[in-house]
1. Does Cys96 satisfy being touching a residue at least 60 places away in the same chain (Cβ under 8 Å) and not in a helix (DSSP H, G or I)?
2. Mind counting the residues in region 99-130 that are in a loop (DSSP other than H, G, I, E, B) and either closer than 15 Å to Ala323 by Cα or charged (D, E, K, R) (or both)?
3. State whether one or more residues within region 214-228 are away from ligand 2 (no atom under 16 Å from the Cβ), surrounded by fewer than 23 Cβ atoms within 10 Å (Cβ to Cβ), in a loop (DSSP other than H, G, I, E, B) and more than 16 Å from the chain's Cα centre (by Cα).
4. Checking the conditions here, which among Asp281, Asp313 is touching a strand residue (DSSP E or B) at 6+ places or on another chain (Cβ under 9 Å) and modelled with pLDDT of 95 or more?
5. Restricting to region 311-338, what's the tally of residues that are over 16 Å from Val60 (Cβ atoms), surrounded by fewer than 21 Cβ atoms within 10 Å (Cβ to Cβ) and within 16 Å of ligand 1 (Cβ to nearest atom)?
6. Give me the pairs, please: first residue somewhere in region 277-289 and on the phi < 0 side of the Ramachandran plot and among the acidic types (Asp, Glu), second residue anywhere and away from ligand 2 (no atom under 13 Å from the Cβ) and in a helix (DSSP H, G or I), beta-carbon distance under 6 Å, and either six or more positions apart or on two chains.
7. Does Ile26 qualify as being part of a loop (DSSP other than H, G, I, E, B), among the β-branched types (Val, Ile, Thr) and either buried (at least 17 other Cβ atoms within 10 Å of the Cβ) or away from ligand 1 (no atom under 16 Å from the Cβ) (or both)?
8. For region 317-342, what are the residues that are outside any helix (DSSP H, G or I), on the phi < 0 side of the Ramachandran plot and within 8 Å of ligand 2 (Cβ to nearest atom)?
Amino acid sequence: MDNEVRAIIDSLEHEKKISADRLRYIFMCDDDDTKEYLFQTARRTAQQNFKNEVYIRGLVEFTNFCKNDCYYCGIRCGNAKADRYRLTEEEILSCCDLGDELGFRTFVLQGGEDPYFTDERICHIVKAIKEKHPSCAVTLSIGEKSYESYKKYYDAGADRYLLRHETADPEHYSKLHPAGMSCENRKKCLHDLKEIGYQVGCGIMVGSPYQTIDNIYEDIVFMQELQPHMIGIGPFIAHKDTPFGNEPDGSVDHTLKLLAVLRLLFPKVLLPATTALGTADVMGREKGILAGANVLMPNLSPTNVRGKYLLYDGKICTGDEAAECNMCLRRRVERIGYHIAEGRGDHPDFTDCYRSF
Ligand code: 5AD
Ligand code: FES
């Protein structure tokens, strides 16, 4: 056991604070017992707050059109090889119907920034889902919008919003995105969403090109200020038809360590073991849960479009039906001593949050 890192982990658990240097020590630690001690400590914290329950969210990837050109993303507008699609409102609703039958009580509508989906269309879809499935939460993940747009979706019934900040450092941000997108606006969006009353998720890719440990420390400082309800992190995975096609993938080891650190810093936060983590390592999602994650986000998109929503290469589950993934995940979670929670799985601060419309 590395006693120095062990002491850092103990203080992280008790003080809920970390410095850039301490984060560096954890990231550099290569001792298996010490790493297991970190994961075990994070897991215990997760269990104190969430028992052995894992929350599930059904992901509906409803459009892969995107007006943005982020250098890392496979559905960037500059990728002429992407095979574009949009689901109709009817198709989105039938994904939710199926999800409801499979036991999902949260639907995440995720898409590129697609101008076809005007505020009016988004609000119509949100209202329709809420009418048909009043006991379900609706999460939107459709990028940067104005305060007014976010407010309209909220008033239409949207409960939560996911918008990864990608990096809190403006300089690093400008290396991942073309001019015209800014770190400042990204952060403003997250603050707007919180102010409106959403349960908000931010997050980053671990090992994105040019990222340093100091950047990740800055991300943590930003999160401590924002106090998000959810934090989505996964390893960066290169997509061959993007400017970062030849960049190395992010490390699974670093992703698991960061999950554990985040669990210790934010004991009650909703922390997904992401599909990217499951793609980088066949047991990645299980390892994520055992490092303190407590959310899984399987895909509910129709099989005929699954292979088209490719943000990175090698994405898992693109050939599976929603029902198959559902069974597969239930089994995987049970095999490691956890079970899938029933219910919406709101953040602990949002337990009585049924809003009526
Ligand atoms: N590798 C891993 N994650 C990616 N994302 C986008 N492209 C990639 C990639 N190449 C993540 C971003 C985005 C989320 C929806 O997916 O962080 O916010
Ligand atoms: Fe899709 Fe296992 S989660 S097949």
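1. When the stated conditions are applied, Cys96 does not pass them.
2. Of the residues in that region, 5 qualify.
3. The answer is no; no qualifying residue exists.
4. Checking each option against the conditions leaves just Asp281.
5. Result for region 311-338: 3.
6. Note: pairs meeting the criteria are Asp281/Val252.
7. no
8. Once the filter is applied, which keeps residues that are outside any helix (DSSP H, G or I), on the phi < 0 side of the Ramachandran plot and within 8 Å of ligand 2 (Cβ to nearest atom), region 317-342 yields only Asp320.
The values are calculated or read from the model by the stated rules, or taken from the named source; none is laboratory data. Source: prediction; values computed, not measured. Note that each Cβ is placed from the backbone with ideal geometry, even for glycine, and that neighbours are counted across all protein chains shown.
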